[in-house]
Amino acid sequence: MNGFSGWLLRAWYSPRPIWFFIPLAWLFWLLSSLRRATYGLGVLQRASLPAPVIVVGNVSVGGTGKTLFVIWLAAALTQRGYKAGIISRGYGGKARQPMLVTPDSDPGIAGDEAVLLARRTGLPVAVCRDRAAAALMLCSRYPIDVLLSDDGLQHYRLPRDLEIVLLDGDRGLGNGWLLPAGPLRETEHRLDEADITVIKRSGAGQFTWPGAIYMPLLAETAVSLADGRRMPLAEFAGRSVHALAGIGNPEQFFATLAAAGMQVDGRALTDHTSLTPADLQFADDKPVFMTEKDAVKCRSMALPRHWYVEASAHFAESDQALILERMERCMAERRPRNP
């Protein structure tokens with residue numbers, strides 16, 4: 001990721017804020033605090049939804065593993081017999097009205113993460129800038145026991161019964177400042193209000209938070225975009241490969257490939273960027289790796305040398321039990337009680 005975006009990210013995750021953005025950061029804090037207060041005081045009304053809502057969000061910009069966590073939680077709910085639905089803003093897409101998303105939806109309209117969620121979970125998925133409108137659409141068309149919101153922590157029109165906040169164990173809270181002086185959407189004190197804090201572990205990151213649960217990511221399988229063939233990532237050890245990533249933290253993806261023993265020529269792209277055939281072209285015939293989120297946008301352009309890495313979230317048994325116990329408790333509190 002070059003140019004202004006790359007410089008900004010490097011500055012956000014350095015020790016000091018971008019000093020000339022500090023006045024704007026204070027203005028951002030004031031406006032966001034006032035907006036949240038209007039909902040807390042009832043000046044603005046939250047939507048009324050017929051099913052409990054679990055919001056999976058973050059307080060920093062991108063790269064915290066929210067989508068992989070939602071995939072894991074969706075599978076856990078399904079195994080326990082719950083009928084879950086997923087809502088998302090549809091970042092990177094052009095949809096302006098509530099839209100149902102299928103595995104075959106156009107990522108350019110529905111958003112890359114929403115299409116990925118539909119493909120990986122098999123659950124009903126809807127997108128809209130107004131996530132409450134997406135939720136109402138799902139509940140009107142499917143028997144929904146619980147709604148999972150991929151992002152939306154700061155979307156206060158959306159009611160929530162449980163808040164799960166994710167952090168990146170490598171980058172933490174960056175320089176600790178709010179946008180645009182730093183990477184934070186809300187101050188670190190917002191973490192104290194969350195029901196569960198989860199820290200993604202994908203490398204050697206040492207960031208911690210009191211009471212947090214740690215989420216290792218496993219990335220052990222390469223999948224061919226051309227024919228769906230699956231191979232252990234270890235099969236590419238010792239080889240020189242190209243890689244591209246249009247995610248919140250591209251360097252983390254390149255580090256994953258390097259940890260698998262590859263010599264990586266990385267091409268960092270902006271998050272949610274639209275991919276073109278030119279983005280997939282390189283002067284030689286080496287394998288080209290990408291994230292699964294990027295892969296959903298370029299299957300029609302895929303060649304036999306194009307691969308994506310299938311990643312998944314994992315938890316220690318005790319942590320998994322803790323998450324599910326809190327989730328089921330919040331759902332039980334929403335169930336209608338007999339008179």
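The values are calculated or read from the model by the stated rules, or taken from the named source; none is laboratory data. Everything numeric in this text was worked out from a predicted model, so none of it was measured. In this analysis, Cβ positions are derived from the backbone assuming ideal geometry, glycine residues included, and neighbour counts consider all displayed protein chains. Quick note on the areas: whole protein, heavy atoms, side chains included, nothing else; ligands and nucleic acids left out. Shrake-Rupley method; radii C 1.70, N 1.55, O 1.52, S 1.80 Å.
Below, the figures for the structure above:
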read-out	value
Heavy-atom accessible surface of the chain: percent carbon and sulfur, 1.4 Å	54
3J(HN,Hα) from dihedral phi, region 9-25, Karplus parametrisation 6.51/-1.76/1.60, rounded to Hz, x for glycine, proline	4, 4, 5, 4, 9, 9, x, 10, x, 7, 4, 6, 9, 4, x, 5, 5
Charge sum, other residues only, whose C-beta stays under 13 Å from Asp192's C-beta, Lys/Arg counted +1 and Asp/Glu -1	-4
Per principal axis, descending, Cα span of region 131-240 in whole Å	49, 43, 28
Sequence-distant residues sharing a close amide H with Leu167 (under 5 Å, placed H)	Val198, Ile199, Lys200
Estimated inter-spin distance, Tyr142 and Gln97, nm [label 7 Å along Cα→Cβ]	2.1
Estimated Rh, region 219-339: Kirkwood, alpha-carbon pairs, angstrom	16.3
Amide proton proximity set for Trp209, modelled H, under 5 Å, gap of 5+	none
Probe 1.4 Å, all protein chains present, accessible-area order of His189, His155, largest first	His189, His155
Backbone HN-Hα couplings from phi across region 206-220 [Karplus 6.51/-1.76/1.60, Hz, Gly and Pro as x]	10, 5, 10, 8, x, x, 6, 9, 9, 10, x, 9, 9, 10, 10
Hz values of 3J(HN,Hα) by residue in region 277-282 - Karplus curve (6.51, -1.76, 1.60), Gly and Pro given as x	x, 5, 5, 8, 8, 9
Electrostatic dipole magnitude of region 247-339 [Cβ: Lys, Arg +1; Asp, Glu -1; Cα centre; debye, to 20]	460
Net length gained if the chain between Thr38 and Ser5 were fully extended (0.36 nm per residue, minus Cα distance)	8.6 nm
The chain, accessible area per residue, ligands and nucleic acids excluded (1.4 Å, Å²)	46
Calculated over region 1-45: convex hull of Cα atoms, volume per residue (Å³)	104
Net lengthening on full extension, Ala316/Trp19 (0.36 nm per residue, minus Cα-Cα)	102.8 nm
Debye log10 I(q)/I(0) at q = 0.23, 0.25, 0.26 Å⁻¹ for region 238-309, Cα point scatterers	-1.02, -1.21, -1.31
Fraction of alpha-carbon pairs over 39 Å apart in the chain - percent	12
Overall Cα dimensions of region 45-166 - principal axes, largest extent first, Å	31, 29, 26
Radius, Kirkwood style, for region 213-253 when every pair of distinct Cα atoms is counted (Å)	12.5
Charge dipole of the chain about the Cα centre (unit charges at C-beta), most positive-ward option of Leu225, Ala126, Cys139	Cys139
Local electrostatic count at Thr38 - Lys and Arg +1, Asp and Glu -1, tallied over other residues with Cβ under 13 Å	+4
